[in-house]
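Sharing a structure, written as structure tokens. Questions coming.
The values are calculated or read from the model by the stated rules, or taken from the named source; none is laboratory data. Predicted, not measured: the structure shown is a model, and the values here were computed from it. Note: ideal-geometry Cβ built from the backbone for every residue, glycine included; neighbour counts use all protein chains shown.
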Amino acid sequence: MSENIKRGKDVLDEFFAEILNISGTHEKTIKKLISLYSTGKLTDTNLENALDEVISEELTEIEKDEN
């Protein structure tokens, strides 16, 4: 039975390997998450900063489209 139980890291590795295949996800956000995870930098602060960057980039794109 213990061979069916995955370690937490294995579960996270699988999740981040498949997350882009989930329909309805925001690609830029997911790529930031994957990058943080794969470099071992997925912390509260780094996640918050990355999400702020994505929001800022999206707002800049919206403003460009409006002008």
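Of everything in segment 6-28, what is assigned to a helix (DSSP H, G or I), in contact (Cβ under 8 Å) with a residue 12 or more places away in the chain and either among the small types (Gly, Ala, Ser) or closer than 14 Å to Ile55 by Cα (or both)? Give them in sequence order.
Listed by number, the list holds a single entry, Lys28.
Each row is one residue, and each column tells you yes or no for (1) at pLDDT 95 or above; (2) at positive phi.
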residue: Ser23; (1), (2): no, no
residue: His26; (1), (2): no, no
residue: Leu36; (1), (2): yes, no
residue: Gly40; (1), (2): yes, yes
residue: Asp44; (1), (2): yes, no
residue: Leu47; (1), (2): yes, no
residue: Ala50; (1), (2): yes, no
residue: Glu53; (1), (2): yes, no
residue: Glu58; (1), (2): no, no
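Related question: State the number of residues belonging to segment 1-28 that are surrounded by 12 or more Cβ atoms within 10 Å (Cβ to Cβ) and acidic (Asp, Glu).
Of the residues in that region, 1 qualify.
Can you tell me which residues in segment 29-47 are part of a helix (DSSP H, G or I) and exposed (fewer than 12 other Cβ atoms within 10 Å of the Cβ)?
Asp44, Thr45
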